[in-house]
Structure formats: C-alpha cells, structure tokens
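To start, the structure under review is shown below, and the notes come after it.
The values are calculated or read from the model by the stated rules, or taken from the named source; none is laboratory data. In this text the structure is predicted, and so the values were computed from the model without any measurement. Methodologically, a virtual Cβ is constructed for each residue, glycine included, from the backbone with ideal geometry; neighbour enumeration extends over all protein chains shown.
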Amino acid sequence: MSLRIEGLRAGYGEIPVLHDVNLEVREGEVVALLGRNGAGKTTLIKAVMGMVRVFSGSVAYRGRELIHLPLFRRAQLGLGYVPDDRRIFPELTVRENLLVAQRPGRWNLEQIYRLLPRLKEIEHRKGGLLSGGEQQMLTIARTLMTNPQLLLLDEPTEGLAPLVVEEIARLVLELKGEGLPILLAEQNLKFTGQVADRAYVLETGEVRLEGEMEDLLHREEVAALLAL
Amino acid sequence: MRLLWLFLALALLGPWFSEYGLKLASEAFILGLYAMAFNLLFRQTGLLSFGQAAFFGLGAYTMALLVARGGWPFPATLPLAFLISALGALFIGFLSIRLSRIYFTMLTLAFAQLLYAVAHKWYAFTGGDNGITDLRPPGIWGESLFYYYVVLFLFALGVLFLWALERSPFGYALRALRDNRARAEAVGINAFGHLLLAFVISGALSGLAGALQGALQRSVFPDYLFWTRSAECILATILGGSGVFLGPAIGATVFLLLRVVVQANTEYWPFFLGALLLLMVLFFPKGLGGLALEMASRRLKGERRGASGS
C-alpha cells in the first residue's frame, strides 16, 4: 500500500474542508480524485503534503504516519507533489529548476531530457519565460528529479491546450507503465478516463462515490456530481 | 576565468601603489568582501540582514583580543576569527531565521546592537570606548605591500568561493527558496537548514573581513559593532548593484574613493552620501555594476547590428 488516508478532517484555520475522508492508493496504481471546484481535491492533496491544517485522522505513506512531518521531510521520503498553479522557480533556468530538485535514483537530467526533449531545447531559458504547457512539463519533470515513490498531481491539465493535454496523458501513462503510483486531482473526465485505474468522486469535502474508473465513466451520478 | 584575470591584474598593480594607495586598496578589498558576504544573503536568499556588523565586529575583536591579551601571532588569529563569527552567526541565525522578513531584519539589528553595548560597557575585557590599540602585526605582516597581498589573496579566495557557491546545487536551492519557499520545500529542500547555512557562511566571511580591517587599522573599537557598520555593507551593495555578482565589491571601492575625495573637500560626507544613494535608488536601481553591464550589452548589440548591416 503506497498511501492510506483514514478519517481525515482537514482545512484552513478553524474551518474544516474535508470531512472523514478515506482513501487508498496501492503500489503501481493511478487513482483519480474527481469533483467540482471547491469539492476539496486540492485540499486533500495538500493535506497529504502537510500544507493544510489536519484536525484529525491519519495519512500513512507506506505504513508510516506523516501527520507530524514537515513538508520537506515528506518530499524527502518520496512524495512528489506537482501543484496546480505550476509555479516553477521563475528566476532559475530550466536546467537549474531541474537540478535544484535532484536526488539520487532512476531519474536524472539525462533521463528527463530523453523523456521530454523539449526541455533540453530550452534548458538555458529562465523559468519565468516559459509557456503554460512548458511550465507544466517542467513542474512534473522537476518533481520526477526528486525520484518520488508516489506522485501527487493537482489538476495537471487545467487551462492547457488539447495537444498539450495529450502530451501530459502520454507522460502519465509512461510513468504508470514504470509502476509509479499516482494520485491525480482532475476535472477533465476524458483525460482521467485515459490514465486512471480507480477514482474517488468528492463533493463538499466528502467522498460520494468510489470505484473502478471504467465503471464510473458510464455512471450518470458521476456526470451529475461533476455537473458536466 | 575572467575573475582570475582580475585578481592577477590587481596583484600586478600592487607595487605601483603608494603607501596610502595600498592602505586604501586593502580597505576596498575588505569592505568588498564584507559587502559580498552580505549580498550572499540579500541576493541569493532575499534575507535583508541589518546586523552584519555583529560578525564583522566579532571577527575583529577575536583577532584583537587574541593578539593583545593572548599574545597570539596575527596570522593564527584569522581562522579563529572566521570560526567565532561563524558560531555567532549560527546562534543569531538560529533565533532570527524563523522570523519572516522585517522581523528578521529587526532582530539581526537588535543582536548587533546588543554586542555593541557589551563591547562598549565591558571595560575590563574589551577596553570599552578606548578600544584595543597597537595591533600592528609583527614583521613582514605589518608592511603595507605584503598586507595588500594577504588581503587580496583572502578576498580572491572568498570571491571564488561565493562564485562557486552560486553555481552549486546549494546556490540553486537558495534562489529557489527566495522565489517560492513552499515550492522549494515541496521538492525536499530544508528551508531552515539552507538559510541557516547561508547565514553562517555570510557571518564567517564578514568576521574574516572584520579581523583584516582591525589589523589594517591597528586598532579595534566598539564602532566595529555599531549599526552604521552594518549599513556600510548595504550601502556598498546598493551603490554597486546587488544583482551583479561583483557589484558589492565595485560599490565598496567607489564608496571608499568617494569618501576620500569628499572628505578632503567638505565636511558634508553624510549629506553627500545620502544624496548619492537617493540618486542611485531612484534612477539606477541596478547600481553601478548593473549600469556597466547594460552599457556593455548595448554596445555589443550595436556592434552586431553594425556588422549585419555592412
């Protein structure tokens, strides 16, 4: 088991956003978090990284309780977080953005450039000068440089052109093929259908539905919960 | 590579300086090293320390006390000045780096002023206002030309170290933290540890500069710890441009030259300095170093355009 969340209540300040959330990500599995804006997807991912307040419950990664560890320790343990605002380090070049995250393992500069040749072409450009799609690629690549054992992707396709979304789907499938477990927050049902094995549908901070992705794709309640 | 040429040129210049010129140039290297140490924090991590004098003074007093009270030979005190300032920075940094921005700045200022008060009041140990005088280093170390080379060597060493640091993963991590702390921590960077280490390096180099300055002036007074001393490295950095690697050192040189010229002609050095800083900040926020780079790149572009046109 890569990630197990039990009875999680978490939120901001005094206000809980998530209520009693239970969720599992098994090794090698891509799990999607579906839901509208404000359903709690981002909060859930941030709770796994320790970036929001946790009131009660448990977040265990490979059997180890994370609740009291600071953000950087969780990253060092192997949690790779790709935030939704995809803010790279604007003052660092593409290459520096990658090197700053490097930790030993399968992924290094050479491997990343092989996987995403576009980044090699622009390696000396400052992060702040990249297009949205390039920034998203770089954010994912930077997270891979930390050699994560569990990838947390927060709305990776948000606001991106269809062609770039295809590229990201290809990338996610490639990582899945390598056995990297992924927890993915998304609103794009088509994209999610391509990559995810299972999904949880959130509404107002609670899990309403869960199941195999293929089944969920054809259920009307899912469409209703996503208001598509 | 270009840095090495610069150091070589400065080394070759040595014998051509007058006695006074050597002193002034040594002082410029010292202030330059001090300002570059400050700028490691300011430029790379975005932390504005207003208490660098604490480390400058710690270094100077370590050297002076060991020489005057302990009878140590001057050269042997330098590593210790470096180390004691590093320890001081470890302590002060540990307490202040937890605080954000303005509180960090105020706390560093407060610690430096605290040390100033100690040095000022503790007559039995520091000599209070009378300072510690008669610190002429023995033998060849007391000669201006030799001392010029000592200072130049340590300045070069410090600058090369900072240069390498900026291009190391540690340097990237510092700038990543400055850009966005949460983002940096999310890739596993320990923000507190990195900032503390940068603070300690900056403090240690400042302390080395302080020890060198004390030996150059043959005396150490409590004003080595006073806040105006903290301001000096900031002024030099603004003057030279914090965004340019050698900017603070350029600023330090200009600062000292201006002070000599202005003080020879008027009593209004502080007024003149204030007016100059106002002009710099308002019209040339990138400093003299930034200005020079801009002019150079403009000329380069002009040449290219000329070449393609012909």
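From the list B:ASN180, B:ASN130, exactly one residue is at pLDDT below 90 and within 14 Å of chain A (Cβ to nearest Cβ). Which is it?
Working: B:ASN130 fails: within 14 Å of chain A (Cβ to nearest Cβ).
So the residue among B:ASN180, B:ASN130 that is at pLDDT below 90 and within 14 Å of chain A (Cβ to nearest Cβ) is B:ASN180.
Pick from B:ILE201, B:ILE140: which is at pLDDT below 90, assigned to a helix (DSSP H, G or I) and more than 14 Å from chain A (Cβ to nearest Cβ)? Quick ask: steps written out before the conclusion?
Working: B:ILE201 fails: at pLDDT below 90.
The match here is B:ILE140.
Out of the residues in segment B:167-193 that are touching a residue at least 60 places away in the same chain (Cβ under 8 Å) and not charged (D, E, K, R), which is surrounded by the fewest Cβ atoms within 10 Å (Cβ to Cβ)? Give the steps one after another, and end with the answer.
To start, the set of residues in segment B:167-193 that are touching a residue at least 60 places away in the same chain (Cβ under 8 Å) comprises B:171, B:174-175, B:177-178, B:192.
From what's left, not charged (D, E, K, R): B:171, B:174, B:177, B:192.
On the way: B:GLY171: 20, B:LEU174: 28, B:LEU177: 26, B:PHE192: 15.
My answer is B:PHE192.
Scan segment A:117-127 and give yes if some residue there is free of Cβ contacts under 8 Å to residues at least 12 places away in the same chain and either within 12 Å of another protein chain (Cβ to nearest Cβ) or in a loop (DSSP other than H, G, I, E, B) (or both), otherwise no.
Filtering segment A:117-127 down to residues free of Cβ contacts under 8 Å to residues at least 12 places away in the same chain leaves A:117, A:120-121.
Next, only the ones that are either within 12 Å of another protein chain (Cβ to nearest Cβ) or in a loop (DSSP other than H, G, I, E, B) (or both) stay: none.
So far as segment A:117-127 goes, no, none of its residues is free of Cβ contacts under 8 Å to residues at least 12 places away in the same chain and either within 12 Å of another protein chain (Cβ to nearest Cβ) or in a loop (DSSP other than H, G, I, E, B) (or both).
Is there a residue being over 20 Å from B:GLN217 (Cβ atoms) and small (Gly, Ala, Ser) anywhere in segment B:151-162? Show your work before the answer.
Quick first cut of segment B:151-162, residues over 20 Å from B:GLN217 (Cβ atoms) only: B:156-157, B:159-162.
Within this subset, residues satisfying the condition of being small (Gly, Ala, Ser) are B:156.
Checked against the condition, which is being over 20 Å from B:GLN217 (Cβ atoms) and small (Gly, Ala, Ser), segment B:151-162 yields at least one hit.
How many residues, within segment B:151-162, are surrounded by 15 or more Cβ atoms within 10 Å (Cβ to Cβ) and either within 14 Å of chain A (Cβ to nearest Cβ) or farther than 17 Å from B:LEU197 by Cβ (or both)?
The total comes to 6.
If I ask for residues that are touching a Lys or Arg at 6+ places or on another chain (Cβ under 7 Å), under 21 Å from A:GLY159 (Cβ atoms) and not β-branched (Val, Ile, Thr), which ones from segment A:188-228 would you list?
Listed by number, the residues that qualify are A:LEU202, A:LEU226, A:ALA227.
Here is a yes/no grid of residues against (1) of a type in the set (Lys, Arg); (2) within 14 Å of another protein chain (Cβ to nearest Cβ); (3) under 20 Å from the mean Cα position of the chain (by Cα):
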position	(1), (2), (3)
B:ALA176	no, yes, no
B:ILE189	no, yes, no
B:LEU195	no, yes, yes
B:GLY214	no, no, yes
B:VAL220	no, no, yes
B:LEU225	no, no, yes
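Give just the number: which of (1) in contact with a Lys or Arg (Cβ under 7 Å, 6 or more places away or on another chain); (2) crowded, with 24+ Cβ neighbours inside 10 Å does B:THR45 not satisfy?
(2)
Within segment B:103-127, which residues are within 15 Å of B:GLN52 (Cα to Cα) and among the aliphatic types (A, V, I, L, M)?
The answer is B:MET106, B:LEU107, B:LEU109, B:ALA110, B:ALA112, B:LEU114, B:LEU115.
Identify, by number, the condition in (1) out of contact with any Pro (no Cβ under 9 Å at 6 or more places or on another chain); (2) within 9 Å of chain B (Cβ to nearest Cβ); (3) part of a strand (DSSP E or B) that A:SER58 doesn't meet.
Just one mismatch for A:SER58, condition (2).
Which of the numbered conditions does A:ARG73 fail, given that it passes all the others? Conditions: (1) within 12 Å of another protein chain (Cβ to nearest Cβ); (2) assigned to a helix (DSSP H, G or I); (3) touching a residue at least 12 places away in the same chain (Cβ under 8 Å).
(3)
From the list A:ASN37, A:ASN97, A:ASN108, A:ASN22, pick out the single residue that is within 14 Å of another protein chain (Cβ to nearest Cβ), of a type in the set (S, T, N, Q) and surrounded by fewer than 18 Cβ atoms within 10 Å (Cβ to Cβ).
Numbers: A:ASN37 fails: within 14 Å of another protein chain (Cβ to nearest Cβ); A:ASN97 fails: surrounded by fewer than 18 Cβ atoms within 10 Å (Cβ to Cβ); A:ASN22 fails: within 14 Å of another protein chain (Cβ to nearest Cβ).
Exactly one residue qualifies, and that residue is A:ASN108.
Of all residues in segment B:94-106, count the ones that are in a helix (DSSP H, G or I) and either of a type in the set (A, V, I, L, M, F, W, C) or modelled with pLDDT of 95 or more (or both).
The total comes to 5.
For residues that are surrounded by 12 or more Cβ atoms within 10 Å (Cβ to Cβ) and hydroxyl-bearing (Ser, Thr, Tyr), scanning just segment B:244-275, find the one that is farthest from B:CYS233 (Cα to Cα).
It comes out as B:TYR268.
Evaluate the following for B:TYR172: is it away from chain A (no Cβ under 14 Å) and assigned to a helix (DSSP H, G or I)?
no
Of the residues B:ALA119, B:ALA54, B:ALA89, B:ALA64, which is in contact with a strand residue (DSSP E or B) (Cβ under 6 Å, 6 or more places away or on another chain) and buried (at least 23 other Cβ atoms within 10 Å of the Cβ)?
B:ALA64
From the list B:GLU19, B:GLU27, which residue is modelled with pLDDT of 90 or more, acidic (Asp, Glu) and surrounded by fewer than 24 Cβ atoms within 10 Å (Cβ to Cβ)? If you could, list the steps in order and put the result at the bottom.
Working: B:GLU19 fails: modelled with pLDDT of 90 or more.
Exactly one of B:GLU19, B:GLU27 is modelled with pLDDT of 90 or more, acidic (Asp, Glu) and surrounded by fewer than 24 Cβ atoms within 10 Å (Cβ to Cβ), namely B:GLU27.
Rundown of residues vs (1) of a type outside the set (D, E, K, R); (2) over 21 Å from the mean Cα position of the chain (by Cα); (3) more than 22 Å from A:THR43 (Cα to Cα); (4) surrounded by fewer than 21 Cβ atoms within 10 Å (Cβ to Cβ), yes/no style:
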position: A:ILE122; (1), (2), (3), (4): yes, yes, yes, yes
position: A:LYS126; (1), (2), (3), (4): no, yes, yes, yes
position: A:LEU129; (1), (2), (3), (4): yes, yes, yes, yes
position: A:LEU138; (1), (2), (3), (4): yes, no, yes, no
position: A:ARG142; (1), (2), (3), (4): no, no, no, no
position: A:PRO148; (1), (2), (3), (4): yes, no, no, no
position: A:LEU152; (1), (2), (3), (4): yes, no, no, no
position: A:THR157; (1), (2), (3), (4): yes, no, no, no
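Of the conditions (1) free of Cβ contacts under 8 Å to residues at least 60 places away in the same chain; (2) touching a Gly at 6+ places or on another chain (Cβ under 9 Å); (3) surrounded by 17 or more Cβ atoms within 10 Å (Cβ to Cβ), B:ALA204 clears all except one; give me its number.
Among (1) free of Cβ contacts under 8 Å to residues at least 60 places away in the same chain; (2) touching a Gly at 6+ places or on another chain (Cβ under 9 Å); (3) surrounded by 17 or more Cβ atoms within 10 Å (Cβ to Cβ), B:ALA204 violates only (1).
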